[in-house]
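One structure is given here, and the rest of the page talks about it.
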Ligand SMILES: Nc1ncnc2c1ncn2[C@@H]1O[C@H](COP(=O)(O)OP(=O)(O)OP(=O)(O)O)[C@@H](O)[C@H]1O
Ligand SMILES: [Mg+2]
């Protein structure tokens, strides 16, 4: 791992020294992997799912008890792309020059593989050619069987798993489930942020993956753990951040991991030996100004009703009854039916999310900075 200039990472994973808490979640995942229990890892965007998987893999790799394969399905649009990504991820763990890598390449030969290496990261990229659609299924089966035959148990993380629902092939879910079920040497982590899509997949009795995994809902890092981490990162570099400044950061970002990291990263980049509350306020304001153009673009991309509803929810922070008459009147939102439509569209776009407890459903904005920016906007009612 290269030298890290700023300890508050905004992407990637650089080892446990830059990773805050998640002890319980990591221990739980490790236990599940050890006992052959597949997991669905769920959270809203940017809460830390990928980071947690990487942290888990770092620990498992160090213990050398498991082989860990990470596949990011975010950009994939078909079964063929899933197969290519899985093949690339396997090749990354079993490089071409090693005997298992050679064995793996041999297996790919039947599918005319073209292998290239990413110019920036050096990660292998595989492109297989299929003459008949059925060959995609065969190749997927072969890749999974190859992993199943490894001497150590294999953990396969399929990040952004909800993507498979949008593939043009309609049977991917059933196919994967059928292939995976008998493979005792594999454990899976299915991860994603589109909760209702994933929940449908894993909790509906009519779906192939029904009740096959243990769900893990990832929430914010606890207050105490995050503030200790932030102060430690500054003091390690012989710098200070005052308690009230840390409190403000955690409160302003609602401990939503990416946004907390982004503010801390910005604060760390200031040439100051001590950070106080005024510095934090100024940095937060500066960040919002930087994003302003993007937010104005959002306004152009959404309908008037959606934009107004987003503003209304941001102004309230959390809304439990978005179709209540008082809320509609206060923010000039029109009819309950149009608000319902807007809610659905904004949830689809992952701009809003629903926090469901046993007795309430609360709506909030997914993007913490957008929420803070909208709070300060005045709109005529
Ligand atoms: N425990 C942690 N300690 C410090 N930084 C973290 C931690 N977890 C995640 N991060 C950082 O927070 C940001 C968001 O994390 P990550 O990408 O893992 O979220 P995600 O839930 O996978 O997001 P998405 O839904 O967009 O894929 C990243 O910058 C990551 O480096
Ligand atoms: Mg992620």
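The values are calculated or read from the model by the stated rules, or taken from the named source; none is laboratory data. What you see is a predicted model, and the numbers here were worked out from it, not measured in a lab. Cβ placement follows ideal geometry from the backbone for every residue including glycine, while neighbour counts extend to all protein chains displayed.
For segment 193-219, which residues satisfy the criterion of being within 16 Å of ligand 1 (Cβ to nearest atom), assigned to a loop (DSSP other than H, G, I, E, B) and surrounded by fewer than 18 Cβ atoms within 10 Å (Cβ to Cβ)?
219
Answer yes or no as to whether residue 190 is outside the structural domain of residue 368 (by TED's automatic domain parsing), within 15 Å of ligand 1 (Cβ to nearest atom) and either over 14 Å from residue 44 (Cβ atoms) or surrounded by 20 or more Cβ atoms within 10 Å (Cβ to Cβ) (or both).
For residue 190, the condition - outside the structural domain of residue 368 (by TED's automatic domain parsing), within 15 Å of ligand 1 (Cβ to nearest atom) and either over 14 Å from residue 44 (Cβ atoms) or surrounded by 20 or more Cβ atoms within 10 Å (Cβ to Cβ) (or both) - is met.
What is the number of the single condition among (1) out of contact with any strand residue (DSSP E or B) (no Cβ under 7 Å at 6 or more places or on another chain); (2) in a helix (DSSP H, G or I) that residue 245 does not meet?
The number of the failed condition is (1).
Out of segment 11-42, which residues are at pLDDT 95 or above and within 13 Å of ligand 2 (Cβ to nearest atom)?
Selection gives 13, 41, 42.
On the phi < 0 side of the Ramachandran plot and within 16 Å of ligand 1 (Cβ to nearest atom), is that true of residue 107?
When the stated conditions are applied, residue 107 does not pass them.
Please list, ordered by residue number, the strands (runs of 3 or more DSSP E) wholly in segment 1-120 having 1 or more residues that are in contact with a strand residue (DSSP E or B) (Cβ under 8 Å, 6 or more places away or on another chain) and exposed (fewer than 13 other Cβ atoms within 10 Å of the Cβ). Spell out the reasoning first.
Working: elements: 39-42, 67-72, 114-117.
In segment 1-120, the matching strands (runs of 3 or more DSSP E) lie at 114-117.
So, in segment 292-344, exactly how many residues are in contact with a helix residue (DSSP H, G or I) (Cβ under 9 Å, 6 or more places away or on another chain) and in a loop (DSSP other than H, G, I, E, B)?
11
Has segment 47-57 got any residue that is away from ligand 1 (no atom under 13 Å from the Cβ) and in contact (Cβ under 8 Å) with a residue 24 or more places away in the chain?
Residues of segment 47-57 that are away from ligand 1 (no atom under 13 Å from the Cβ), as a first pass: none.
No - not one qualifying residue is present in segment 47-57.
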